[in-house]
Amino acid sequence: MDAKEIIARRVALEVKDGMLVNLGIGLPSMVANFLPDDVDVFFQAENGVIGLGARPPEGMEDADLTDAGGAFVTAVPGAASIDSAMSFGLIRGGHLDMTVLGGLQVDERGYLANWMVPGKMVPGMGGAMDLVAGAKRVVVAMVHTQKGKPKIVPECTLPLTALRRISLIVTEMAVIQPTEEGLVLREVGPGVTVEQVQEATSANLIVQDVVQEMKLA
Amino acid sequence: MKRATKVEAAAELIPEGSTLLIGGFMGVGSPHRLIDALVERGVGGFTVVANDTAMPGTGIGKLVTAGLIARAVVSHIGLNPETQAKMISGEIDVDLVPQGTLVERIRAGGVGLGGVLTATGLGTPVEEGKQVVEVEGRRFLLEIPIRGDFALIAAKSADYKGNLEYSLTAHNFNPVMALAADTVIAEPHTILPVGAIPPDAVKTPGVLVDHLLEREH
């Protein structure tokens, strides 16, 4: 199992029955593949649908039905199409139970940077700032290091996405919960030791007596 | 009863340097015939307010390629390398706005509000130069309204009165933009007799629509 699949399978356990969930593009979108059968949720795509479904059969795409990455999708029975004001009203207004997003850096305060690298990557924030500022739970799903460099750092050096402590960090090596006191190491990845996690993390981690190995969906 | 406007005539209405609100999300729900007519005509210097600049060869991306945009107020340019290159070279002045803030600023402009208070953008580069307002102990950014000289919007169908109905994720910014410009030009896929769109299905009342593009040929 590769790193991304471990992350997606672990994040899938955070999705509870009845939730409205927004999955970011890329790795976060893989979470939908690993939901237990008894978990029935609506996925929101911020471009305007509650009840995002699977990809349509080839040649049967509806030009007016895509996800926020522009890929053709379907809508599940019970879906609703909405305009952008309603969509972001749901996000900012506390109606979105959970968002899963990628990350460039997360720091000891639990602040996330995931939208730009000055001078290198300036794609625009799209909906990321609203999602992080407004969703009830923000789960960051990312690989633990970038080319060997830690992404969980004492203080973000990249521009922040929001002034909000995110809810949970899930990597292939660890599950880490940002708290008032700092970053608490809750779980380690399959076959990973606490020491290996600390070595791959430049931020200070609070290690409690019991650190479990992560369960996967 | 509206009269159907030819697409070339609609493009002729738009002077050089106008501020255009253009509907669409990665080209889905964009007024493609109007955009093609603007490219054909070649008059530019526009300020374009839109969710994104799509991709080269699609929707607003065609206006970028044709060099008709002087300023872009958008949430995302990540899928259009031409916009990024023109931003770096200084040909296009790009103002990046969080998606939920962008739609609410346009809504404020359209419904007579003096601004929007949002927590989105606090503590990020978006905050620079903006007033922070405290309401009941919570901090918000004051975001000012946006209006356009023209709104160029796409709809699934119109009736002879200009009432508009939208489809799935092709709603996005269109219904909001229909409120926020001096002149509204609507491009429907189909035009139906009055009554064929039930009152409950009308998302943009025809009284807001100044020009209705003739049917597709």
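Values in this text are rule-based calculations from the coordinates and carry no lab data. As the structure is a computational prediction, the values presented were derived from the model and not from experiment. Glycine gets a Cβ as well: all are built from the backbone with ideal geometry, and neighbour counts include every protein chain shown.
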Legend entry - Shape category assigned to chain B from the gyration tensor of Cα positions, a/c cut at 1.5: oblate
Legend entry - Ranked list, fewest to most other Cβ atoms within 10 Å of each Cβ, for A:LYS4, B:LYS156: A:LYS4, B:LYS156
Legend entry - D_trans [Stokes-Einstein, Kirkwood Rh over alpha-carbon pairs] for the stretch A:3-213, 20 °C, 1.002 mPa s, µm² s⁻¹: 121
Legend entry - Computed over the stretch A:1-88: relative contact order in percent, which uses C-alpha pairs under 8 Å that are six or more apart: 25
Legend entry - Shielding by partners - mean other protein chain Cβ count within 10 Å, residues of A:60-66: 5
Legend entry - Sequence-separation-based contact order of the stretch B:1-140, relative, with Cα cut under 8 Å and 6+ spacing, percent: 16
Legend entry - Distance from the stretch B:187-204 to the stretch A:2-42 (C-alpha centre basis), Å: 38
Inset, instruction - Sort out for me the Cα centre separation of the stretch A:172-211 from the stretch A:50-84, rounded to whole Å. - result: 38
Inset, instruction - Quickly estimate the mean residue ellipticity at 222 nm for chain B, helices only: each DSSP H run with n ≥ 4 gives -39500 (n - 2.57), and the total goes over all residues, rounded to 500. - result: -6000 deg cm²/dmol
Inset, instruction - For chain B, find the longest principal axis of its Cα atoms and tell me its angle to the long axis of helix B:32-41, 0 to 90°, nearest 10. - result: 90
Inset, instruction - Please report the relative contact order for the stretch A:53-132, taking Cα pairs under 8 Å with a sequence separation of at least 6, and give it as a percent rounded to a whole number. - result: 19
Inset, instruction - Please report the Cα spread of the stretch A:101-217 along all three principal axes, rounded to whole Å, starting with the longest. - result: 40, 31, 29
Inset, instruction - Name the residues whose placed amide hydrogens come within less than 5 Å of the amide hydrogen of A:LEU96, ignoring near sequence neighbours (fewer than 5 apart) on the same chain. - result: A:LYS136
Inset, instruction - Calculate the dipole size of the protein assembly as shown relative to its Cα centre from +1 charges on Lys and Arg beta carbons and -1 charges on Asp and Glu beta carbons; express the result in debye to the nearest 20. - result: 400
Inset, instruction - Rounded to the nearest Å, what's the spacing between the alpha carbon centres of the stretch B:76-109 and the stretch B:1-20? Just the number, please. - result: 24
Inset, instruction - Within the set of other residues whose C-beta is less than 13 Å from the C-beta of B:ARG138, count the net charge using Lys and Arg as +1 and Asp and Glu as -1. - result: +1
Inset, instruction - Could you pull out the pairs from A:LYS4/A:LYS149; A:LYS120/B:LYS156; B:LYS86/B:LYS161; B:LYS86/B:LYS203 whose alpha carbons sit more than 29 Å apart here? - result: A:LYS120/B:LYS156; B:LYS86/B:LYS161; B:LYS86/B:LYS203
Legend entry - Between 0 and 90°, nearest 10: helix B:99-111 axis offset from chain B longest Cα axis: 60
Inset, instruction - Would you work out the charge dipole size for chain B about its Cα centre, treating the Cβ of every Lys and Arg as +1 and the Cβ of every Asp and Glu as -1, and quote it to the nearest 20 debye? - result: 320
Legend entry - Given charges at beta-carbon only (K, R positive; D, E negative), |dipole| of the stretch A:132-217 in Debye: 480
Inset, instruction - Report the residue, chosen from A:ALA68, A:ALA85, A:ALA12, that carries the largest GNM mean-square fluctuation when chain A is represented by alpha-carbon nodes joined by springs under 10 Å. - result: A:ALA85
Legend entry - Computed helical MRE - 222 nm, chain A, DSSP H runs ≥ 4 contributing -39500 (n - 2.57), nearest 500: -4000 deg cm²/dmol
Inset, instruction - Would you mind giving the mean number of other chain beta-carbons within 10 Å of the Cβ of each residue in A:78-90, as a whole number? - result: 6
Legend entry - Computed over the stretch B:1-95, Cα set: Rg, Dmax in Å: 12.7, 47
Inset, instruction - Provide a whole-number value for the mean count of partner chain Cβ atoms within 10 Å of the Cβ atoms in peptide A:96-104. - result: 0
Inset, instruction - Measure nothing but the geometry: give the 0 to 90° angle between the long axis through the Cα atoms of A:3-12 and the longest principal axis through the Cα atoms of chain A, rounded to 10°. - result: 70
Legend entry - In Å, descending, principal axis extents of the Cα set of the protein assembly as shown: 75, 46, 43
Legend entry - Antiparallel DSSP beta bridges within chain A, percent to nearest 5: 45
